[in-house]
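Undergrad: Please find one structure pasted underneath; my questions will follow.
The values are calculated or read from the model by the stated rules, or taken from the named source; none is laboratory data. In this text the structure is predicted, and so the values were computed from the model without any measurement. Heads up, the Cβs are rebuilt from the backbone with ideal geometry, glycines too, and the neighbour counts pull from every protein chain shown.
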Amino acid sequence: MKMITAIVNKRDTVRVCDALRKDGVEFTRLATTGGFLRSGNTTLLIGINDERLELALNIIRRNCSRRMEKLPIPPSAEIPAAVNVSNTAEVLVGGAIVFVNEVSYFEKM
C-alpha cells in the first residue's frame, strides 16, 4: 500500500477531485497555503493499493495543468513600494507536487 501526498493548485482542485471520485479513488482533502507566492493550494492524502497507484498518478497528471499567470507581488521590506512600479509578475503556476510513500500499516476504523 502507498500513501500519495499531492499538493495541487487551488484552480485544479475541483477537476482533480471529481476525476478521482469518478474512478473510485478515495482521498482526504486539506486546504493548505505555501510556496513563495503564498498562494492557496489543496493537499490530497490518498491511501491506495500498489496496483492502483499508476491510475491515481495518471489522474493527477491529466488534471493538473501548468500555466503562466500574472500574480500580484507582495510588498517586500527590501523593495520599497514607491520603487516597485509593477505590482504583478508573470509566473508558472499549476501542476502538482506529488510524494509517494510506502505504508507499513493501515487500518480503517
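Undergrad: Which residue pairs have Cβ atoms closer than 9 Å, lie 6 or more positions apart in sequence or on different chains, and pair a first residue in the stretch 6-24 that is at positive phi with a second residue that is surrounded by fewer than 19 Cβ atoms within 10 Å (Cβ to Cβ) and not in a strand (DSSP E or B)?
TA: Listed pairs, sorted by first residue: GLY24/ARG52.
Undergrad: Only one residue in ILE59, ILE48, ILE4 is buried (at least 18 other Cβ atoms within 10 Å of the Cβ), in contact with a Leu (Cβ under 6 Å, 6 or more places away or on another chain) and more than 30 Å from THR88 (Cα to Cα), so which one is that?
TA: The match here is ILE59.
Undergrad: Hey, which of the strands (runs of 3 or more DSSP E) in the chain, taking only ones fully inside, have at least 3 residues that are at pLDDT 80 or above?
TA: Correct list: 2-9, 28-34, 39-48, 96-102.
Undergrad: Evaluate the stretch 51-59: report whether one residue or more is within 30 Å of ILE73 (Cα to Cα) and of a type outside the set (A, V, I, L, M).
TA: Looking through the stretch 51-59, none of the residues is within 30 Å of ILE73 (Cα to Cα) and of a type outside the set (A, V, I, L, M).
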